[in-house]
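This report concerns only the one structure given below.
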Amino acid sequence: MRPARDVIAVLRMADGDTYGYGDGDGMHPAERALMRGDSPARRRDFAAGRAAAADALRLLGRSGPVLREARRPRFPTGVRGSISHCRGAVATCLATTRTDVAAVGVDVERVGRLSPETAGLVCTPPERALVAGGDQGGRLLTVMFSAKEAFYKAATALDLPREPVFHDLEVLPAPGHENGNGNGNGLCLTPAAGLLPDGYTVRGQVRSVGPYVWTTVLLQADP
C-alpha cells in the first residue's frame, strides 16, 4: 500500500535474532509492562511489532503507546491500526487516521509455510482451482491465507454478528495482476453476503518482500 499522509504501512526487517530493536529498549513503560511473563522469543516479537507501530505513528504525526484490548492492539484515539510479525524475521504495522476507513488489517507470511493439504481448509473452490492450476500455487496459497488473516483482523474490529472464518472471504488477483510477482499488486476481496454491515468496501493489496508476502486490507465506508 502506497504510504500517504493518512495511511501508513511500515515493514521492518530483523537484524539477526534481535530485530535490531532490542528487547523492549525505548518502548513506552505501559507497552513494556504488557510483555511481563512472556518468553524471550515472544518478547522480541512483541517489541518488534510495537517498534513498527511507533514508526507508523511518527509518520502520521501521532504518538503512542499502543496498548492491548483482548488480543488486539489498541491504538491511540483517532488511529485505526494493525500489527503483524513473522517470528524471527519481520514485523509490520498498518495505521491510518482517515475518517472513511473503519478498520484495517495487516499480515506477513513466509512463502512455503503452508502445506498444499491446507488449501481445502483455507480456500474456496475458485481459489483452490487457481492454486492448483498455476506454477505458483504455493505463493498464491500463502497470499490467500495472508489476505484472509489481514481481513479477519480488520473485520473483527467491527461489531459483527459472528467472527469470520476462512471461507467467508474469497481472494483473487485483481485484473492485470494475475501473476502476482510485483509489489503493490491489487487483490479482489469478496466477503460473504451479510457478513459486513451495509455500505462497506473491502480493499486489499499484496507485496512481495524476498521470501515473504505482505498483505494489507482497508474496510472503507462508502460515501
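Being of a type in the set (A, V, I, L, M, F, W, C), more than 15 Å from the chain's Cα centre (by Cα), modelled with pLDDT of 90 or more and not assigned by TED's automatic domain parsing to the domain that holds ASP168 is the requirement here; does VAL122 meet it?
Answer is no for this residue.
With the checklist (1) in contact with a helix residue (DSSP H, G or I) (Cβ under 6 Å, 6 or more places away or on another chain); (2) closer than 15 Å to LEU11 by Cβ in hand, flag the one item GLY137 doesn't pass.
Going through the list (1) in contact with a helix residue (DSSP H, G or I) (Cβ under 6 Å, 6 or more places away or on another chain); (2) closer than 15 Å to LEU11 by Cβ, GLY137 breaks only (2).
Looking at ALA103, is it in contact (Cβ under 8 Å) with a residue 24 or more places away in the chain and touching a Cys at 6+ places or on another chain (Cβ under 6 Å)?
no
If the requirement is being in a strand (DSSP E or B), of a type outside the set (Ser, Thr, Tyr) and at pLDDT 95 or above, which of these qualifies: LEU218, LEU172?
Only one candidate qualifies: LEU218.
Within the stretch 185-223, which residues are more than 16 Å from VAL101 (Cβ to Cβ) and of a type in the set (Asp, Glu)?
ASP198
Kindly provide the set of residues from the stretch 132-147 that are in a helix (DSSP H, G or I) and surrounded by fewer than 21 Cβ atoms within 10 Å (Cβ to Cβ), ordered by number.
ALA132, GLY133, GLY137, GLY138, ARG139
Of the residues in the stretch 76-94, how many are among the hydrophobic types (A, V, I, L, M, F, W, C), at pLDDT 95 or above and assigned to a loop (DSSP other than H, G, I, E, B)?
The qualifying residues number 1.
Out of PRO65, PRO73, report the one residue that is over 23 Å from GLY204 (Cα atoms) and modelled with pLDDT of 95 or more. Steps first, answer last, please.
Details: PRO73 fails: over 23 Å from GLY204 (Cα atoms).
Exactly one of PRO65, PRO73 is over 23 Å from GLY204 (Cα atoms) and modelled with pLDDT of 95 or more, namely PRO65.
Quick check on my filter: what residues within the stretch 78-127 are charged (D, E, K, R) and under 19 Å from ASP45 (Cα atoms)? Before you say what the answer is, go through the steps one by one.
As a first pass, look at the stretch 78-127 and keep what is charged (D, E, K, R): 80, 87, 98, 100, 107, 109-110, 113, 117, 127.
ARG87, ASP107, GLU109, ARG110, ARG113, listed by residue number.
Any idea which of (1) under 21 Å from LEU11 (Cα atoms); (2) in contact with a His (Cβ under 9 Å, 6 or more places away or on another chain) is the one CYS123 doesn't satisfy?
(1) is the only condition that CYS123 fails.
Out of curiosity, is ARG58 surrounded by fewer than 17 Cβ atoms within 10 Å (Cβ to Cβ) and either not small (Gly, Ala, Ser) or not in a loop (DSSP other than H, G, I, E, B) (or both)?
Criteria met by ARG58.
Out of all the residues in the stretch 1-59, which are of a type in the set (Ser, Thr, Tyr) and at pLDDT below 85? Before you say what the answer is, go through the steps one by one.
Initial filter on the stretch 1-59 (of a type in the set (Ser, Thr, Tyr)): 18-19, 21, 39.
Once the filter is applied, which keeps residues that are of a type in the set (Ser, Thr, Tyr) and at pLDDT below 85, the stretch 1-59 yields THR18, TYR19, TYR21.
Residues that are over 18 Å from ALA193 (Cα atoms) and of a type in the set (S, T, N, Q): does the stretch 148-165 have at least one?
No: the stretch 148-165 contains no residue that is over 18 Å from ALA193 (Cα atoms) and of a type in the set (S, T, N, Q).
Does any residue of the stretch 141-155 turn out to be over 20 Å from the mean Cα position of the chain (by Cα) and either small (Gly, Ala, Ser) or at pLDDT below 95 (or both)?
no
What pairs can you find where one residue is in the stretch 185-214 and at negative phi and aromatic (Phe, Trp, Tyr), the other is surrounded by 13 or more Cβ atoms within 10 Å (Cβ to Cβ) and not in a strand (DSSP E or B), and their Cβ atoms are less than 8 Å apart, with a gap of 6+ or different chains?
TYR212/ALA89; TYR212/VAL111; TRP214/SER146
The values are calculated or read from the model by the stated rules, or taken from the named source; none is laboratory data. Nothing here was measured: the structure is a model prediction, and the numbers come from that model. Glycine gets a Cβ as well: all are built from the backbone with ideal geometry, and neighbour counts include every protein chain shown.
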